[in-house]
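Below you'll find the structure, written out as structure tokens, and then a few comments.
The values are calculated or read from the model by the stated rules, or taken from the named source; none is laboratory data. Just so it is clear, the structure is predicted and the values come from calculations on it, not from any experiment. Note that each Cβ is placed from the backbone with ideal geometry, even for glycine, and that neighbours are counted across all protein chains shown.
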Amino acid sequence: MAPFGWMEAVEPLLGYIPPPLYIFAGALVGFTIGLTGVGGGSLMTPILILLFEIPPGVAVGTDLIYATLTKSSGIYFHNRQRTIYWPVVLSRCLGSIPAALLTVAPTSGRSGPTTST
């Protein structure tokens with residue numbers, strides 16, 4: 001069975017969680033990140049699971065998409081200001097990308113709570 005699409009995962013949640021609460025949670029996390037520099041995933045994922053009662057797998061996937069979008073804008077602006085040391089980025093990618101692929105490969109065929117019927 002294929003994993004949930006984003007609409008299938010979101011539609012049941014829209015009935016009982018008001019969008020302003022999502023906006024407030026996002027603003028609170030963004031404000032805290034701005035003050036502390038703590039990663040958003042360590043704040044938003046538990047909020048999605050505990051406060052909004054979103055299944056953990058969906059919460060992690062949702063947070064990953066959000067992080068990708070926000071980090072992409074950060075890359076753009078930091079690159080314009082020339083505050084990225086690209087050799088370090090490349091060396092980190094050379095280690096982390098293969099390690100992530102090796103870690104995900106053995107578990108990619110397993111079904112979890114968000115993929116079972």
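Please verify whether the range 60-69 includes one or more residues that are over 11 Å from the mean Cα position of the chain (by Cα) and under 25 Å from PRO20 (Cα atoms).
We begin by selecting, within the range 60-69, every residue over 11 Å from the mean Cα position of the chain (by Cα); these are none.
No, the range 60-69 contains no residue that is over 11 Å from the mean Cα position of the chain (by Cα) and under 25 Å from PRO20 (Cα atoms).
Considering only residues that are under 17 Å from GLY30 (Cα atoms), loosely packed, with under 11 Cβ neighbours inside 10 Å and among the β-branched types (Val, Ile, Thr), which ones fall in the range 68-84?
Passing the criteria: only THR68.
Which one is modelled with the lowest pLDDT, of the residues in the range 101-117 that are surrounded by 10 or more Cβ atoms within 10 Å (Cβ to Cβ) and part of a loop (DSSP other than H, G, I, E, B)?
By that ranking, first place goes to THR115.
Among the residues of the range 76-97, how many are within 21 Å of the chain's Cα centre (by Cα) and either within 16 Å of GLY40 (Cα to Cα) or among the charged types (D, E, K, R) (or both)?
Counting residues in the range 76-97 that are within 21 Å of the chain's Cα centre (by Cα) and either within 16 Å of GLY40 (Cα to Cα) or among the charged types (D, E, K, R) (or both) gives 1.
Let me confirm something: among PRO87, PRO98, which residue is loosely packed, with under 10 Cβ neighbours inside 10 Å, at pLDDT 85 or above and not basic (Lys, Arg)? Spell out the reasoning first.
Values: PRO98 fails: loosely packed, with under 10 Cβ neighbours inside 10 Å.
Among PRO87, PRO98, only PRO87 is loosely packed, with under 10 Cβ neighbours inside 10 Å, at pLDDT 85 or above and not basic (Lys, Arg).
With the requirement that a residue be modelled with pLDDT under 85 and either part of a loop (DSSP other than H, G, I, E, B) or among the hydroxyl-bearing types (Ser, Thr, Tyr) (or both), what does the range 23-51 give you?
THR32, THR36, GLY37, VAL38, GLY39, GLY40, SER42
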